[in-house]
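Participant: Right, I'll just put the structure down here and ask away after.
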Amino acid sequence: MMQLQTLYLVNGGDWGWVVGSVQFLVNNIRSKSMTGLIIFDKDQTLIDSACGEKFIQSPTDQRILPGAAEAVSNFAKRGYKIAIASNQGGVEAGKKSFESAIEEMKFCLGLFPEISIGLICPCYDGKSAWMVKLNDWEVYLRQKIGVGSGTTNFGNFRKPGPGMINFLIAYYKSVPGETWFIGDRPEDEQAAEAAGTNFMAADILRLRFQQSDNC
Ligand SMILES: [Mg+2]
């Protein structure tokens, strides 16, 4: 006769039981809303200009900063969802086209295989943001988010506004307390504070992973 064992914690997170050698997991006992989320700023956080300029000169003018790839891989292995949120005021400033900003985010996502979504806010008034997403077939999709004055994050997408962070928390069904924002500028930290998330300075995080490489 089969004997059910007491419900117990397996894999450090899920609950389940064992019948013989078969393990059954109950996924819904733990709230799915507690998905850990890491959101990175892009420029001077994950990448900088490959040709050494202060600002990115073209969509492909990007190189991975030391320690950034290792940090992203570490978070991915630990099960965190990972995304990017980037102000792209250069579009409104006339330094780059909107299409170029989209291509730039696509190229960046290609540098970090564990990150499948990047948000950009191309306007100063924070009234629109776009999601660039790599789907399962490696096709890039783009989608305008938070459209319309009745939506929650309208007018707040541009950092230091919390709109892009708020959107990603809802998208990934996470919560602010389980979310970290990582960036290099005061407006990144202010955006994290406005969204109620944790914040870490990008240089400190990258330094940690550079050091671990040397050990
Ligand atoms: Mg930055």
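The values are calculated or read from the model by the stated rules, or taken from the named source; none is laboratory data. All values derive from a computational prediction rather than experimental measurement. Please note: Cβ atoms are built from the backbone with ideal geometry, for glycine as well, and neighbour counts cover all protein chains shown. These accessible areas exclude ligands, DNA and RNA; they are computed on the full protein's heavy atoms, side chains included. Shrake-Rupley method; radii C 1.70, N 1.55, O 1.52, S 1.80 Å.
Participant: Among the residues of segment 110-144, which ones are of a type in the set (Val, Ile, Thr) and more than 20 Å from ALA76 (Cβ to Cβ)? Full working, then the answer.
Facilitator: Taking segment 110-144 as the starting set, the residues that turn out to be of a type in the set (Val, Ile, Thr) are 115, 117, 120, 132, 139.
Listed by number, the residues that qualify are ILE120, VAL139.
Participant: So which residues in segment 155-170 are without any contact (Cβ under 8 Å) to a residue 60 or more places away in the chain and under 15 Å from ILE82 (Cα atoms)?
Facilitator: At the first step, the residues of segment 155-170 found to be without any contact (Cβ under 8 Å) to a residue 60 or more places away in the chain are 155-157, 160-163, 166-167, 170.
ASN166, PHE167, ALA170 - these are the residues of segment 155-170 that are without any contact (Cβ under 8 Å) to a residue 60 or more places away in the chain and under 15 Å from ILE82 (Cα atoms).
Participant: A further question follows. Go through the residues of segment 74-91 one by one and say whether even a single one is over 15 Å from the mean Cα position of the chain (by Cα), assigned by TED's automatic domain parsing to the domain that holds VAL147 and basic (Lys, Arg). Spell out the reasoning first.
Facilitator: Within segment 74-91, the subset over 15 Å from the mean Cα position of the chain (by Cα) is 88-91.
Narrowing further to those that are assigned by TED's automatic domain parsing to the domain that holds VAL147: 88-91.
Add one more test, that the residue is basic (Lys, Arg), and what stays is none.
There is no residue in segment 74-91 that is over 15 Å from the mean Cα position of the chain (by Cα), assigned by TED's automatic domain parsing to the domain that holds VAL147 and basic (Lys, Arg).
Participant: State which residue is farthest from the ligand (Cβ to nearest atom) when the search covers only segment 160-192 and only residues that are more than 16 Å from the chain's Cα centre (by Cα) and surrounded by fewer than 17 Cβ atoms within 10 Å (Cβ to Cβ).
Facilitator: Ranking the candidates gives GLN190 first.
Participant: Look through segment 193-205, keep the residues that are more than 22 Å from ILE47 (Cβ to Cβ) and small (Gly, Ala, Ser), and return whichever of them is least open to solvent (accessible area, probe 1.4 Å).
Facilitator: It comes out as ALA195.
Participant: Could you look through segment 164-211, keep only residues that are among the charged types (D, E, K, R) and outside any loop (DSSP other than H, G, I, E, B), and pick out the one that is farthest from VAL147 (Cα to Cα)? Before you say what the answer is, go through the steps one by one.
Facilitator: Let us first name the residues in segment 164-211 that are among the charged types (D, E, K, R), namely 173, 178, 184-185, 187-189, 193, 203, 206, 208.
Filter once more, so that each one left must be outside any loop (DSSP other than H, G, I, E, B): 178, 187-189, 193, 203, 206, 208.
On the way: GLU178: 26, GLU187: 23, ASP188: 23, GLU189: 25, GLU193: 24, ASP203: 34, ARG206: 35, ARG208: 39 Å.
Within segment 164-211, the match that is farthest from VAL147 (Cα to Cα) is ARG208.
Participant: Name the pairs whose Cβ atoms lie under 7 Å apart, with the first residue in segment 40-67 and more than 15 Å from the ligand (Cβ to nearest atom), the second in a strand (DSSP E or B), and 6 or more positions between them or separate chains?
Facilitator: Taking only residues 6 or more apart or on different chains, the pairs are ALA50/ARG63.
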